[in-house]
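Q: Pasting a structure here, questions to come.
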């Protein structure tokens, strides 16, 4: 399990929860504070567990540790989201459009 607790302050919101993406990219299921993280891309209980406060952290850890099939499914879904949105190949069209100053379709 990858654990990534963050405080809800300007520094943490600005730096993003990068280590969650690293955990996910290695197939490690993650529990994270939903702070500075693209929560619109990753759904709680499907591709990550979000937790705030001690009770939510304990519940997320219990679920992740007690339910291996769920843990494996969360890891697989996170990898699919990453491959679809966060790889160089997934972002190539956006980068080329920015560099060329016009919309590029690949």
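The values are calculated or read from the model by the stated rules, or taken from the named source; none is laboratory data. All figures in this text were calculated on a predicted structure; none of them were measured in a lab. Cβ placement follows ideal geometry from the backbone for every residue including glycine, while neighbour counts extend to all protein chains displayed.
Q: Is it the case, given these coordinates, that residue 83 is part of a helix (DSSP H, G or I) and over 12 Å from the mean Cα position of the chain (by Cα)? Explain how you work it out, then say what you get.
A: Values: part of a helix (DSSP H, G or I): yes; over 12 Å from the mean Cα position of the chain (by Cα): no.
No: the conditions fail for residue 83.
Q: I need the full set of residues from region 14-42 which are more than 14 Å from residue 3 (Cα to Cα), in contact (Cβ under 8 Å) with a residue 12 or more places away in the chain and in contact with a strand residue (DSSP E or B) (Cβ under 9 Å, 6 or more places away or on another chain), in order please.
A: Once the filter is applied, which keeps residues that are more than 14 Å from residue 3 (Cα to Cα), in contact (Cβ under 8 Å) with a residue 12 or more places away in the chain and in contact with a strand residue (DSSP E or B) (Cβ under 9 Å, 6 or more places away or on another chain), region 14-42 yields only 42.
Q: Related question: Just to check your reading of the model, which residue among 31, 35 is crowded, with 18+ Cβ neighbours inside 10 Å, within 14 Å of the chain's Cα centre (by Cα), modelled with pLDDT of 95 or more and not in a helix (DSSP H, G or I)?
A: Going through 31, 35 in turn, the sole match is 31.
Q: Of all residues in region 86-106, how many are over 20 Å from the mean Cα position of the chain (by Cα) and in a loop (DSSP other than H, G, I, E, B)?
A: So the answer is 6.
Q: OK, next. For the structure I just gave you, tell me whether residue 70 is in a helix (DSSP H, G or I) and touching a strand residue (DSSP E or B) at 6+ places or on another chain (Cβ under 8 Å).
A: So residue 70 fails the test.
Q: Inside region 61-80, can you point out the residues that are surrounded by 13 or more Cβ atoms within 10 Å (Cβ to Cβ) and over 15 Å from the mean Cα position of the chain (by Cα)?
A: Within region 61-80, 61, 63, 64, 70 qualify.
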